[in-house]
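Student: My questions will all concern the structure given below.
None of the figures in this text is laboratory data; all of them are computed from the coordinates on show. Since we're looking at a predicted model, the values are computed, not measured. Cβ atoms come from the backbone with ideal geometry, glycine included; neighbour counts cover every protein chain shown.
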Amino acid sequence: MAGTVSFAQDAQAPATDAPSPDAAVSAAKNQLGVLEYCVAQGHIEGDSVEIQTKMMEMLPAAQDQAAVDAAYEKGKEGTVSAMGVEQTLSDAATAQGADEAALCGQLAQMVEQAGAQLPK
């Protein structure tokens, strides 16, 4: 298995279509929910949740808080929701020939690596 998590491999928008600030905040909040789901399932420790929360503090305030909250709730239920694509961790794992624990571990590792780049 490659060392990357690609829940929605084919959902990437062209480079010229930058996501809106609300889309970025919603995706980040969804990822926080997914990480919390992974912790609740016992797949990872909570370090990545703390890092994701810290990274989110650097994002602008969302204009559509209801959409952000909905994305978060989906994440807490184990559904990745970003850029108009939704996929459960279970389905993503099946598609990649892995299991939820492996995907959770990869996601946590990516967040922790990103967090290592943050100013102290």
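Student: In nm, give the distance between the simple-model label positions of Gln41 and Ala116, each being 7 Å from the Cα along the Cα-to-Cβ direction.
Tutor: Distance between label points: 2.5 nm.
Student: Measuring from a point 7 Å past the Cα of Glu86 along Cα-to-C-beta, which residues in the stretch 23-50 have an amide N at less than 19 Å?
Tutor: 23-38
Student: Would you mind calculating the relative contact order of the stretch 19-116 from Cα pairs under 8 angstrom and at least 6 residues apart, reporting the percent as a whole number? Mind dumping the intermediate values first?
Tutor: On the way: 135 pairs, mean separation 37.9, N = 98.
Rounded, it is 39 percent for the stretch 19-116.
Student: How do 26-35, 71-80, 99-108 rank on mean C-beta neighbours within 10 Å, highest first?
Tutor: Descending packing order for the listed peptides: 26-35, 71-80, 99-108.
Student: Next question. For a distance above 24 Å, tell me the whole-number percent of Cα pairs in the stretch 19-116 that qualify. Walk me through the intermediate numbers first.
Tutor: Working: 743 of 4753 pairs.
Result: 16 percent of Cα pairs exceed 24 Å.
Student: For q values of 0.12 Å⁻¹, compute log₁₀ I(q)/I(0) with the Debye formula on a Cα-only model of the stretch 64-120, without solvent.
Tutor: Taking Cα atoms of the stretch 64-120 as identical point scatterers yields -0.36.
Student: If R0 is 25 Å, what FRET efficiency do you get for Glu50 and Ala101 from their C-beta distance, rounded to 0.05?
Tutor: Numbers: r = 20 Å, r/R0 = 0.79.
The formula returns an efficiency of 0.80 here.
Student: So for the stretch 51-114, taking the charge dipole from beta-carbon charges (+1 Lys/Arg, -1 Asp/Glu), which of Ala98, Gln52, Ala66 sits furthest toward the positive end?
Tutor: Gln52
Student: Going Cα to Cα from Lys120, which lysines come in below 27 Å? Please leave out same-chain ones fewer than 8 positions away.
Tutor: Straight-line reach from Lys120, under 27 Å: Lys29, Lys54.
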